[in-house]
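See structure below.
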Amino acid sequence: MNNIEARKTLLRRQTELAHRLSAVEADLQKTHSKDWDEQAQERENDEVLEAIASQTANELLQIKRVLHKLGDHSSYGVCKRCGQAIGKQRLSVIPETELCVGCANDTH
Ligand SMILES: [Zn+2]
């Protein structure tokens, strides 16, 4: 996966997540039923929705960080420690990594 492909994938994912987040937030803002039983059910649903919303927001932040790095062509894909290329295979698995496999495994 090259930088342009990685960027496209991340942008698509970002759009999906942003849509999901606004849909969940809209659901959370719906007025609640006047029926007590229904209200209890709705509160349970709200807890699930809130969990989804915070997970989605976290994922969006992560994507934003990676996109920022991708925009900086001079440093993306280059090991922060030894300056060697990190390698396409490693980047496709961990796009946010800043170390090559050698440095990541070097505990000294
Ligand atoms: Zn390295």
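Tell me, yes or no, whether the stretch 58-79 has at least one residue that is farther than 17 Å from Arg7 by Cα, modelled with pLDDT of 85 or more and aliphatic (A, V, I, L, M).
From the stretch 58-79, those farther than 17 Å from Arg7 by Cα are 58, 79; that's our starting set.
Among the residues that remain, those that are also modelled with pLDDT of 85 or more are: 58, 79.
This time we only want the ones that are aliphatic (A, V, I, L, M), so: none.
Scanning the stretch 58-79, I find no residue that is farther than 17 Å from Arg7 by Cα, modelled with pLDDT of 85 or more and aliphatic (A, V, I, L, M), so the answer is no.
Under the condition of being small (Gly, Ala, Ser) and near the ligand (Cβ under 10 Å from one of its atoms), which residue from the stretch 88-108 is surrounded by the fewest Cβ atoms within 10 Å (Cβ to Cβ)?
Gly102
Restricting attention to the stretch 65-98, which residues are in contact with a helix residue (DSSP H, G or I) (Cβ under 7 Å, 6 or more places away or on another chain), assigned to a helix (DSSP H, G or I) and free of Cβ contacts under 8 Å to residues at least 12 places away in the same chain?
Arg90, the sole residue that qualifies.
Looking at Gln14, Gln41, Gln29 in this structure, which one is of a type outside the set (Asp, Glu), more than 16 Å from the ligand (Cβ to nearest atom) and in contact with a helix residue (DSSP H, G or I) (Cβ under 6 Å, 6 or more places away or on another chain)?
None of the other options fit; the residue is Gln14.
For the stretch 4-35, which residues satisfy the criterion of being hydrophobic (A, V, I, L, M, F, W, C) and touching a residue at least 12 places away in the same chain (Cβ under 8 Å)?
The answer is Ala6, Leu10, Leu11, Leu17, Ala18, Leu21, Val24, Leu28.
The values are calculated or read from the model by the stated rules, or taken from the named source; none is laboratory data. Model, not experiment: these values are computed from the prediction. FYI the Cβ positions are ideal-geometry reconstructions off the backbone, even for glycines, and counts take in every protein chain you see.
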